[in-house]
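Okay, structure first, notes after.
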Amino acid sequence: MRIERVGDVAAVHLAAALFDGPPLAAATEKFLAQPDHHLLFAYLGDRPVGMISGVETTHPDKGTEMFVYELGVLPDARLLGVGTALVRALAELARERGCYGMWVATEVDNEAAQATYRRAGATEQTPFVLLNWDLTAGDGVPDRTGSGHQPA
C-alpha cells in the first residue's frame with residue numbers, strides 16, 4: 001500500500017467512490033488550493049482504496065492542531081489496515097507541520113471508526129456534545145431564544 005497527498009482535481013473526481021457523495025468541482029478546487037487543507041489517498045496497486053482529509057486550525061492561545069475531517073475506505077479494502085495507515089500518515093504530516101495535536105469526532109455507534117482511530121493511537125476524551133448550525137435554511141442564524149433578536 002502506498003499513501004500520497006492528492007493535489008489534482010481530476011484524481012479526486014476519479015476516486016469519487018471514496019467520498020460520501022460526488023466531489024463538487026468548485027469545492028474540490030478550493031479545498032486543494034488551501035495549504036492547510038490536506039487530502040491523502042491510499043492505493044493498492046494503482047487503485048485508490050481509501051482517503052483521509054484533514055484541516056489545520058490555529059487559535060491564538062493554543063497553536064495549531066489537525067482536525068480529521070473525514071476518513072473513507074472502500075468496502076472491499078476494509079480490515080486491511082488502510083484506515084489506520086491513513087490516520088497515522090495524517091498524524092505524521094501534522095507533526096511535520098508543527099501541530100500540537102489531532103482530533104476527530106465520530107458517531108457514538110460507529111464502532112469501526114472508533115476502533116480504527118484507537119489502533120492509530122487516539123484516546124477518547126469524554127464527555128463532549130456536538131452542536132450544529134444549519135446555515136442553508138432560512139435567512140441566517142435562527143432565533144431560538146424567543147426574544148426576536150439574533151444572538152450577538
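Every number in this text was worked out from the coordinates using simple rules, so none of it is lab data. Remember, it's a predicted structure, so these values are computed and weren't measured experimentally. Quick reminder, even Gly has a Cβ in these numbers, built from the backbone with ideal geometry, and neighbours come from all protein chains shown.
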**Item:** Derived scalar couplings ³J(HN,Hα) [region 34-40; Karplus, 6.51 cos²θ - 1.76 cosθ + 1.60; whole Hz; x for Gly, Pro]
**Value:** 7, x, 9, 10, 10, 10, 10
**Asked** To the nearest 10 degrees, how steeply does helix 82-96 sit against the main Cα axis of the chain, on a 0 to 90 scale?
**Response** 70
**Message:** I want to check the label-to-label distance for L131 and R2. Put each point 7 Å from Cα in the C-beta direction and report it in nm to one decimal.
**Reply:** 4.7
**Asked** Which shape class applies to region 27-77: rounded if a/c is under 1.5, otherwise prolate when a/b exceeds b/c and oblate if not, where a ≥ b ≥ c are the square roots of the Cα gyration tensor eigenvalues?
**Response** prolate
**Prompt:** Label points 7 Å out from Cα along the Cβ direction at A113 and D61: separation in nm?
**Reply:** 3.0
**Prompt:** By count of other Cβ within 10 Å, fewest leading, how are L40, L90 ordered?
**Reply:** L40, L90
**Asked** With the Cα gyration tensor of the chain giving a ≥ b ≥ c as the square roots of its eigenvalues, does the rule (a/c under 1.5 for rounded; else a/b larger than b/c for prolate; else oblate) give rounded, prolate or oblate?
**Response** prolate
**Request:** Could you line up H38, H13, H59 from fewest to most neighbouring Cβ atoms inside 10 Å?
**Result:** H59, H13, H38
**Message:** So if a site counts as exposed when it's one of the chymotrypsin sites (Phe, Trp or Tyr not before Pro), its DSSP state isn't H, G, I, E or B, and it has at most 11 other Cβ atoms within 10 Å, what's the longest stretch of the chain without one?
**Reply:** 1-99
**Complete:** The answer for the longest stretch of the chain without any exposed trypsin sites (Lys or Arg not before Pro) (DSSP loop, at most 11 further Cβ atoms within 10 Å) is 63-143
